[in-house]
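Asks: Got a structure for you, questions after.
Taken together, the values in this text are just the output of simple stated rules run on the coordinates, not laboratory data. Not measured: the values here are computed from a predicted model. Every residue, glycine as well, gets a Cβ built from its backbone with ideal geometry; the counts of neighbours run over all protein chains shown.
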Amino acid sequence: MFKTRSSTPCLGICSTTYGDDVCKGCKRFVHEVINWNKYNTKEKEVVNSRLEEFKFLILKERFEILDLSVFENKLKENAINFNNALNPLTWIFDLLRAAGSQELDLTQFGIKALVTYNPKTIKDEINDELLKLSEAHHQRYFKKA
């Protein structure tokens, strides 16, 4: 399925219904989740750009894409949901999320790890870091002191 910069980042595991200001699944703010279908294309792109920037910031220190065409083809071959309109480095997050705790041979995906990592915990570590960035951003711009 082709996605655009305005496609929903929803993962179907929303935590905003339980009172979270930032969804633990997609990392959107509660008001973005609630109003997503009312947003115009540009507003949706702004949200996805913020999430893309945070993912890129986290992943650029850990991974390098050696062969983009191999990476994209392997994601499609394995039916891994990713937004091809976003920076390809962010697709690594989607790959790790889809892999769960199973070990991956990243070289088969055209990816090189820049640091040693535990394949059983890396997804959660990146997810936690992404959530912290999103929560800090929300706190800074939306919480009254």
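Asks: Given the Cα-Cα distance of SER15 and LYS3 and 0.36 nm per residue of separation, how much length would full extension add, in nm?
Replies: Values: separation 12, 0.36 × 12 = 4.32 nm, distance 2.35 nm.
The SER15-LYS3 span can extend by a further 2.0 nm.
Asks: Please return the longest range in the chain lying between exposed loop sites, taking GluC sites (Glu not before Pro), DSSP loop only, at most 15 other beta-carbon atoms within 10 Å, and leaving the sites out.
Replies: Within the chain, the longest run free of exposed GluC sites (Glu not before Pro) spans 1-60.
Asks: Given H placed 1.01 Å from N in the peptide plane, which residues other than close sequence neighbours of ASN84 have an amide H under 5 Å from its amide H?
Replies: Distant-sequence amide H within range of ASN84: LYS3.
Asks: Let me ask you something else. Would you mind checking the tilt of helix 41-59 against the longest principal axis of the Cα atoms of the chain, expressed as 0 to 90 degrees and rounded to 10?
Replies: 50
Asks: Which one, [x] -0.99, -1.10, -1.52; [y] -0.86, -0.96, -1.40; [z] -0.96, -1.09, -1.66, gives log10 I(q)/I(0) by the Debye sum over Cα atoms at q = 0.17, 0.18, 0.22 Å⁻¹ as derived from the coordinates shown?
Replies: Correct label, based on the coordinates given: [x].
Asks: Output ³J(HN,Hα) for the range 17-32: one whole-Hz value per residue in order, computed from phi by the Karplus curve 6.51 cos²θ - 1.76 cosθ + 1.60 with θ = phi - 60°, and x for Gly and Pro.
Replies: Running phi through 6.51 cos²θ - 1.76 cosθ + 1.60 with θ = phi - 60° gives 5, 9, x, 6, 6, 10, 5, 6, x, 9, 6, 7, 6, 3, 5, 6 Hz.
Asks: Follow-up question, since we're still on this one. If exposed chymotrypsin sites (Phe, Trp or Tyr not before Pro) are those in a DSSP loop with at most 16 other Cβ within 10 Å, what is the longest stretch of the chain that has none?
Replies: Answer from the scan: 40-116.
Asks: For PHE63, enumerate residues with amide H under 5 Å from its amide H, sequence gap 5+ or separate chain, H modeled in the peptide plane.
Replies: Under 5 Å from the amide H of PHE63 lie the amide H atoms of LEU114, each far enough along the sequence or on another chain.
Asks: Note down the magnitude of the dipole of the chain about its Cα centre, charges +1 on Lys and Arg C-beta and -1 on Asp and Glu C-beta and zero elsewhere, to the nearest 20 debye.
Replies: For this selection, approximately 500 debye.
Asks: Which of CYS14, VAL70, GLN102 sits closest to the plus end of the dipole of the range 1-128, meaning its Cα is farthest towards the positive end, when Lys and Arg get +1 and Asp and Glu get -1 on the C-beta?
Replies: Comparing the listed Cα positions along the dipole, CYS14 ranks first.
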